[in-house]
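Please read the structure below before turning to the comments.
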Amino acid sequence: MTGEEILSWEELINDWLNISTDNIQAATWMQYESIPPSLIWGMIWLPSIISLLISIWWCVCLCFVFKKAGRQRREALIPFWNIWIVFKISWMKKYFWLLRAPMVIRALLIIGIQLLANILDASRLPAFRATITRICWLLALWWLIVWLILPFKLAKRFSQPSIFWLWLLLVYPVFIGILAFDKESIYISEN
C-alpha cells in the first residue's frame, strides 16, 4: 500500500487494529480523506457547540443569581472573578483560597519534581515521586471536598430545600437556572 492510495473507512480501522512492526507506515493526509464529514462533525464540532452553549447559559444564569444576591451582573462575565463572587455569596471568601491552594500547591510540587530530579540521586527519585504523587492525590481530594460543599452552601443561601444541593451538584446547568429564574428562591445574607 502506498501513501497515495485512499483507504476506505473500514480499511483504515482494520489497518489500525492490525498494526505490526513490519507494516507500520507514515500516515499521510490522503489516507484520511475517506473519513465521513458526519464523523468529524460528531466528534469535534458538536461537543464544542454544546460546551459553548452550556457556558453561555451558565454566564446568563450567574448574571441573574448575582442580581438576586445584590451584586452587579457583569461580574458573572469575568473569569475567576465570578467564582470568587460565588464563594462570597455562598460561603465566606476565605474558603475560595481553600479551593485554589491545592491547585497551586500541586503545580509547584510537579515543577519541584522536575527541578529536584536533577539534584537528587537517581536511585532515590522513584520513592520521592511516589510521595509527591500521594500528596497530589490528597490535594485533589481536598479540592473535591470543597467543590462538594459549595453547592450545599449555595442552595442554603437561596432558601432551597435540603435535597436541592445534590441536584445542583449533579445537574448544575439546570438547577443554576432554577436558582436564577425562580421567584421563590430568595437570597438570604449571612449578616
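The values are calculated or read from the model by the stated rules, or taken from the named source; none is laboratory data. Note that the structure is predicted; figures quoted are calculated from it, not measured. Here the Cβ is made from the backbone with ideal geometry for all residues, glycine too, and neighbour counts use every protein chain on show.
Results for (1) closer than 25 Å to residue 102 by Cα; (2) without any contact (Cβ under 8 Å) to a residue 60 or more places away in the chain; (3) part of a helix (DSSP H, G or I), shown as yes or no for each residue.
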residue: 133; (1), (2), (3): yes, yes, yes
residue: 139; (1), (2), (3): yes, yes, yes
residue: 144; (1), (2), (3): yes, yes, yes
residue: 147; (1), (2), (3): yes, yes, yes
residue: 161; (1), (2), (3): no, yes, no
residue: 168; (1), (2), (3): yes, yes, yes
residue: 173; (1), (2), (3): no, no, yes
residue: 176; (1), (2), (3): no, no, yes
residue: 180; (1), (2), (3): no, no, yes
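Scanning segment 71-106 for residues that are in contact with a helix residue (DSSP H, G or I) (Cβ under 7 Å, 6 or more places away or on another chain), among the β-branched types (Val, Ile, Thr) and within 15 Å of residue 141 (Cα to Cα) returns a single hit, 105.
Residues that are surrounded by 13 or more Cβ atoms within 10 Å (Cβ to Cβ) and modelled with pLDDT under 85, at least 3 per element: which helices (runs of 4 or more DSSP H) completely within segment 1-83 meet that?
Values: elements: 9-17, 37-40, 46-68.
Per the criteria, 9-17.
Looking only at residues in segment 134-164 that are aromatic (Phe, Trp, Tyr) and modelled with pLDDT of 85 or more, the one that is surrounded by the most Cβ atoms within 10 Å (Cβ to Cβ) is 158.
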